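Structure first, then comments.
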Amino acid sequence: MKHKNSHLLVGYWSRLRRGREVPDQTDIDPRAIKRLLSYTFILDCENPGRPVYRLAGTALCERFGFELKGTGFLAHWEAQSGLSLAPLLRQALQLRQPVCLSSVAATADNGMVELETILTPVSFNGGEPSRFFGLVQMLSDPTPLLGRAIAYERLVASELIEEGEPLPHYDQDEPPPPPPPPQYLRAHPKAPYLRLVSSKESPAFLNFGSGDLLQSMLDTVRRWRIAPANPEDRTA
């Protein structure tokens, strides 16, 4: 996980469990994460092959240009990413572990940003885990999204998060930090309290919209991968 708010959400999820495998959706207190709410969502994964937004924050809906509630989570991912995400969501529910998704999102005119999505499994009314409480954070310069909506999203990497020791506690009354400067798709050192369980670093770039958009995204990913990592961009 690269963004501090991603660590905040996983830490909050962990504290809500209170000895259980996963917390219940009814345990979530919006006041405790009020600074993050506009970018959070609830995902219904009764059928992991067709996950549906139950709720979505206003800022998140603005990024995609429409109300997400009731729409399919995989609808804005390109075809190959969707095929990879369905079994990943199923695995995260079965293992009761959060999952971190790294992706590149593109506008219709080829503007691109790097996103990090965190999905934490939750139950509903005490049943088996069938939903995710999630958060989407931008890791790169948001300028390409000014006045534009995300048209496609491409999965670049994924990891299941397992705690080795308790996550650090952050004061939820403090505002979250501003978005960090542009970060690159090079792997960051793993946090000492997390262990990478599984990873998919380079899925094939297939069926992602028009040829121009595909080529532009390939070029951007290559630039990000070869650019030297800046230690100041990394979260503790």
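Each value in this text was obtained by applying a stated rule to the coordinates, not by laboratory testing. Given the structure is predicted, the values throughout are model-derived calculations rather than measurements. All Cβ positions, glycine included, derive from the backbone under ideal geometry; neighbour counts span all protein chains shown.
Label reach from residue 94 (point 7 Å along Cα→C-beta): in the range 46-68, amide nitrogens under 18 Å belong to 46-51. Spin-label model, residue 108/residue 146: points 7 Å from Cα along the beta carbon direction are separated by 2.0 nm. Output the relative contact order of the range 91-133, whole-number percent, from Cα pairs under 8 angstrom with separation of 6+ residues. Relative CO of the range 91-133 lands at 34 percent.
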